[in-house]
1. Here is a list: 93, 103. Which entry is part of a strand (DSSP E or B), within 16 Å of ligand 2 (Cβ to nearest atom) and closer than 19 Å to residue 20 by Cβ?
2. Quickly run through segment 8-22 and pick out the residues that are surrounded by 12 or more Cβ atoms within 10 Å (Cβ to Cβ) and in contact with a strand residue (DSSP E or B) (Cβ under 7 Å, 6 or more places away or on another chain).
3. Taking only segment 167-183 into account, find how many residues are farther than 13 Å from residue 39 by Cα, among the aliphatic types (A, V, I, L, M) and either surrounded by 15 or more Cβ atoms within 10 Å (Cβ to Cβ) or within 16 Å of ligand 2 (Cβ to nearest atom) (or both).
4. Can you list residue pairs whose Cβ atoms sit under 9 Å apart, with the first residue in segment 72-83 being over 21 Å from residue 11 (Cα atoms) and charged (D, E, K, R) and the second being modelled with pLDDT of 95 or more and outside any strand (DSSP E or B)? Count only pairs 6 or more apart in sequence or on different chains.
5. Do any residues in segment 32-52 that are over 24 Å from residue 173 (Cα atoms) have Cβ atoms under 6 Å from those of residues that are at pLDDT 95 or above and surrounded by 12 or more Cβ atoms within 10 Å (Cβ to Cβ), where the two are at least six apart or on different chains, and which pairs are they?
6. Of all residues in segment 64-95, which are near ligand 1 (Cβ under 8 Å from one of its atoms) and touching an Asp or Glu at 6+ places or on another chain (Cβ under 8 Å)?
7. So which pairs qualify, if the first residue must be in segment 128-144 and within 25 Å of residue 79 (Cβ to Cβ) and in a strand (DSSP E or B), the second must be aliphatic (A, V, I, L, M) and more than 12 Å from ligand 1 (Cβ to nearest atom), the Cβ gap must be under 8 Å, and the two must be at least 6 apart or on different chains?
8. Residues in segment 133-156 that are more than 12 Å from ligand 2 (Cβ to nearest atom) and closer than 24 Å to residue 61 by Cβ: how many?
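The values are calculated or read from the model by the stated rules, or taken from the named source; none is laboratory data. Computed from a predicted structure; not experimentally measured. Because the Cβ atoms are built from the backbone with ideal geometry, glycine has one as well, and the counts that use them run over all protein chains shown.
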Amino acid sequence: MKQAVINPFALALDFTSGKLEPATTHITRHLSHMRNMYIDSAAEQAVLTREDPLIYEVYQYDVPNENGQLISCTTILYPGRIGDEYYMTKGHYHEKADTGEIYLGLRGNGKLLMQVGDQFSALDMGPGTVAYVPPYWAHRTVNTGDEPFIFFAVYPADAGHNYGTIEQEGFQQIILEKQGNPVIVPSPRWKNA
Ligand code: S6P
Ligand code: ZN
């Protein structure tokens, strides 16, 4: 199939705010958009009775949804916790599962959780970390610091996102704050737990 020929372009990325300009898509995810993803349901409910905090934002520049095209985007993941669990993204597999992705840390600190089958990986990310998400691996980021965790990502424009599997099964391991430090513990919700 013949691909669209589009013109070259440059975007401006602010490393401090994470804003990408221009952006064609701006996603804001509040706690109410990710119900039942945090392990402590009572803590989630208690927060939601007071407020609906902004957990993360994504700025994205879209290109034709075709093989060969690449999407640029930034994620700004705010600091905070629901119960003991640090703010995190929903996490997803790519709909077209044989597509990978590259993350570049710009600001703050966090972890990149990945899983496929029974395999699991947690990589530390900070400014300058280039992390590779291989094809087939689900991926979620977690802010383990006290400032926004910001990273840039590039992925195939036809990858698509499968959120349903993670919504149902969660991740194998979760990141909790214990005595001021992040610890990785098995998720009681994981299907084999
Ligand atoms: C897209 C890439 C990221 C995430 C973003 C938000 O493939 O992995 O841009 O979309 O970090 O996470 P999520 O899981 O809500 O899409
Ligand atoms: Zn992705």
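1. 103
2. Our first condition is that a residue be surrounded by 12 or more Cβ atoms within 10 Å (Cβ to Cβ); within segment 8-22, this holds for 11, 13-15, 17-20.
Matches in segment 8-22: 11, 13, 15, 18, 19, 20.
3. Number of matching residues: 0.
4. Correct list of pairs: 81/38; 81/43; 81/87.
5. Cβ pairs passing all conditions: 52/30; 52/31; 52/32.
6. Scanning segment 64-95 gives 71, 75, 90, 94.
7. These pairs meet every condition: 131/123; 138/116; 142/175.
8. Total meeting the criteria: 5.
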